[in-house]
Amino acid sequence: MNTIAKSARRVWKSAQLYIGFHRDPKGKKRESPHVWPPKNARATIHEDPDEQEAFLVVKSADGDVSHDVQIKLRPDMIVLRRDFPDAWQGVIIEKHTISVKVGGVSIRVNHDGSVTREDGESTTWVEADGGVLKKTEFVEASMSSDGTELTRRTPDNLTAITPRGLLSKDR
């Protein structure tokens, strides 16, 4: 038996497919959706998720409902969400990006391999070529992909380190 198989433990115990109907048969909007498990385990992904949505509920093996995952199937994305504050709370999978929400931080991985990290205070970009840019309310800093150029901009100053030397200039 390999190391992974020895250390693997059961995390999920069951999955149930549901369809949520947001309107009654007469077309009137419901206060909360009517949830129905389809008998044949198949669901069409409706073009308008406000009308009808297909989703899976994956139950946690430890029985803690905050660890359960809801997987919403939409025409333009797949959304995973849970109410577990100590780990990821949401994942959005779109055609060209994957976004993850972890403890108040949003991380997006784009189709070209670039990554964006956002919290309430700052945004950090790692470009596809490896360059890095960090922006806060007070400063913007960047580093080239090869590490040879660094810049720092504040409202009052611009400082740059380049292969040709150091530049520091009041604005």
- Candidates SER99, SER60, SER66, filtered to the one that is polar (S, T, N, Q), closer than 26 Å to GLY20 by Cα and within 17 Å of the chain's Cα centre (by Cα): SER99
- Note on the structure: All-but-one check, ALA160 against (1) within 23 Å of LEU56 (Cβ to Cβ); (2) not assigned by TED's automatic domain parsing to the domain that holds VAL58, failing number (1)
- Would you pick out the residues in region 45-73 that are out of contact with any strand residue (DSSP E or B) (no Cβ under 7 Å at 6 or more places or on another chain) and under 20 Å from HIS34 (Cβ atoms)? GLU47, ASP48, PRO49
- Query: GLU137 is checked against (1) exposed (fewer than 10 other Cβ atoms within 10 Å of the Cβ); (2) over 19 Å from the mean Cα position of the chain (by Cα); (3) closer than 25 Å to ILE98 by Cα and fails just one. What number does that condition carry?
  - Reply: (3)
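The values are calculated or read from the model by the stated rules, or taken from the named source; none is laboratory data. These numbers come from a predicted model, not from an experiment. Reconstructed Cβ throughout: ideal geometry from the backbone, glycine too, with neighbour counts over all protein chains shown.
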